[in-house]
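What follows is a set of notes on a single structure, which appears directly below.
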Amino acid sequence: MESLVFIWVLLRVFLALGLLAFGLYCGYIQWVHVKYDHIPSAPRASFFFGHLPILWKMLKNKELVHDLFLQWAEEYGPVFRFNAFHRVSLFILSPEGIKEYLMLPQYPKDRFSYEHLHTVFGVRSLGNGLVTDCEYDHWHKQRRIMDPAFSRIYLIGLTETFNDQAEELMMELEKKADGETKVDVMDLLRRVTLDIIAKVAFGLELNTLHDEQTPFPHAVNLVMKGVTNSRMPLFKYMPGNRKTVREIQESLRLLRRTGKECIEKRQKAIQNGEEVPLDILTQILKNAAQEEHHDFENMLDNFVTFFFAGHETTANQLSFAVMELSRHPDIVAKLQAEVDEVIGVKRDIAYEDLGKLVYLSQVLKEVLRLYPPVPDMMRWTGKENFIEGVRIPAGTTLIFSTYIMGRLEKYFKDALTFNPDRFNKDQLKPYFSYFPFGLGPRSCIGQIFSQVEAKVVMAKFLQRFDFQLVPPQSFKAIGIGTLKPLDGVQCRLKPRHQLVRKED
């Protein structure tokens, strides 16, 4: 009897504590509302969930949430808030705000926004690599080590590899260029960009283009899905997801194990004075050797980071380019005329040729304006500020969206029209409203690498093929992780030129 009384009292105590905690949490949420409600936004769908139910509904319907935020920007102005439980994030869509927060090193990346990339389901993923490191001094040390490997002079020496790997793609496409066969161009682009980053950065021959079942590419794709799923708090605890979680964990271990073997093998070769590939890994190891306390785990973080950031974004940009060009035959004709004039029927594209492909550069920039693979980025401010007359409280997560700013009429005339001429050298430059690779000290280290790769692949594609999309095609994007075409890019191809083949 006494034990039953004790249990009853204990339950009442727990219930009372639970109600107290619930009441305190409600009070805290209300305090947050008061703190930020001077900033405009759409009405919250829920006191607790804030605007999240609106996003959940859109994601369920495969709608792009960035388009909703674009509508809010047009309705509520360049500074508006997004509520989720007790957290409030502010969208800053003003050149004044971009200049302040992205150009200065004093505003770090927001830890809450990037922590899901550090570890995925308990296994270290991107860790403290270049993308996820929120500590500026530590990040700056990494960047200093890696910068020489991405310099213009170094990239000139990689042009031959870009050509060789892109040529492998062209040969695959030629097999299917009969005007009838459906070709999954987006899938092939993802595979070839993975092969390129593996070869150019780490001297690895993945051969993904010819064998999609090889374990490493499969692991990369699984981990990318895992990064998205890990943001759902209860995903790993659902019984039906246990197998998926284990596969993602094993995939991450495979990536890091491969990286460990690759780095250790190269370190040993360098120490023994052996001839080593002049790739990005060699450059990084030589520079890292000059630093006193370089963390090996951190090197593995960047190994994984390069595979994530180094292939998906470029593949998506090229996929959007093919998708968008398919409905602009006049632009395609102009591009092909430029490619024919600069490259002709040569197999290999010289680095000097790329600078002459001016209109292609404009097209690729316009693709990034409308379809940036990384549509936004986050920062955190520890001090109060005023942007566009709006008070920004201290301790706030800030979101900067190149997708939204690239589609606002106030920054780009006829913003939804695909018009490469807006990037003509005689046009006014879109300062602080166009930043597909970020701006300031934390801009993407691989942006030159990425655009050299994109120009080589796209120039060869335009040189070799005429193409049409296979209907139906919605021309919509989906934003899970990175921005990509919703329907993929299914094409029918026809050959254009017979090339001068490289001599054996």
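Please treat every number below as a calculation from the coordinates, not as lab data. All values reported here derive from a predicted model rather than from experimental measurement. Heads up, the Cβs are rebuilt from the backbone with ideal geometry, glycines too, and the neighbour counts pull from every protein chain shown.
Helix-only arithmetic for the chain: the sum of -39500 (n - 2.57) across DSSP H runs with n ≥ 4, divided by the residue total, places the mean residue ellipticity at 222 nm at -17000 deg cm²/dmol.
Structural descriptor for segment 37-495: relative contact order 25 percent, calculated from alpha carbon pairs under 8 angstrom and at least 6 residues apart.
Cross-link check: pairs 225/265; 62/484; 460/494; 346/460 evaluated at a Cα-Cα cut-off of 20 Å; pairs beyond the cut-off: 225/265. Legend: calculated FRET efficiency, residue 426 to residue 287, from the Cβ-Cβ distance at R0 = 41 Å, rounded to 0.05, equals 0.55. Each Lys or Arg adds one and each Asp or Glu takes one away; over the other residues whose Cβ falls under 13 Å from the Cβ of residue 231, this sums to +1. The orientation-averaged projection of the convex hull spanning the C-alpha atoms of segment 24-176 amounts to 15.3 square nanometres.
Between the beta carbons of residue 272 and residue 25, assuming R0 = 41 Å, the FRET efficiency works out to 0.10 to the nearest 0.05. Mark the label point 7 Å from the Cα of residue 151 along Cα→Cβ and return the residues of segment 197-215 whose backbone N is within less than 19 Å of it. What the label zone holds, given the 19 Å backbone N cut-off, is 201.
The separation of segment 371-396 from segment 79-132, counted between C-alpha centres, amounts to 9 Å. I'd like the distance separating the alpha-carbon centroids of segment 181-209 and segment 423-480, in whole Å. Here the two parts' Cα centres lie 18 Å apart.
Put a plus charge on the Cβ of each Lys and Arg, a minus charge on the Cβ of each Asp and Glu, and nothing anywhere else: the dipole of the chain about its Cα centre is then about 1280 debye.
So I have (1) 26.1; (2) 29.0; (3) 23.1, and one of them is mean projected area of the Cα convex hull in nm² calculated from this model. Which one is it? Given (1) 26.1; (2) 29.0; (3) 23.1, the calculated one carries the label (2). As a calculated quantity, the FRET efficiency between residue 207 and residue 68 at R0 = 35 Å, using C-beta atoms, amounts to about 0.30.
Reported to the nearest whole Å, the Cα centre-to-centre distance from segment 351-367 to segment 1-30 is 66. With a cut-off of 9 Å between beta carbons, the residues surrounding residue 203 carry a summed charge of 0, where Lys and Arg count +1 and Asp and Glu -1.
Distance between the pseudo-spin-label points of residue 103 and residue 172 (7 Å out from Cα toward the beta carbon): 4.2 nm.
For segment 206-217, putting each phi into the Karplus relation 6.51 cos²θ - 1.76 cosθ + 1.60 with θ = phi - 60° gives couplings of 7, 6, 4, 4, 9, 8, 6, 8, 4, x, 5, x Hz, in residue order, rounded to whole numbers and with x for Gly and Pro. Cross-link list 35/99; 365/476; 286/455; 57/476; 334/425; 199/260: which exceed 21 angstrom alpha carbon to alpha carbon? As for pairs spanning more than 21 Å Cα to Cα, those are 35/99; 286/455.
The C-alpha atoms of the chain define a longest principal axis, and helix 2-36 lies at about 60 degrees to it.
If each of residue 7 and residue 144 carries a label point 7 Å out from its Cα toward its Cβ, how far apart are those two points in nm? Using points 7 Å along Cα→Cβ, the separation is 6.4 nm. Take the Cα of residue 115, go 7 Å toward its beta carbon, and the backbone nitrogen atoms of segment 373-417 under 14 Å from that spot belong to 397. Compared with the dominant Cα axis of the chain, that is its longest principal axis, helix 242-271 is turned about 50°. Restricting the calculation to Cα atoms, segment 44-131 yields a radius of gyration followed by a Dmax of 15.6, 42 Å.
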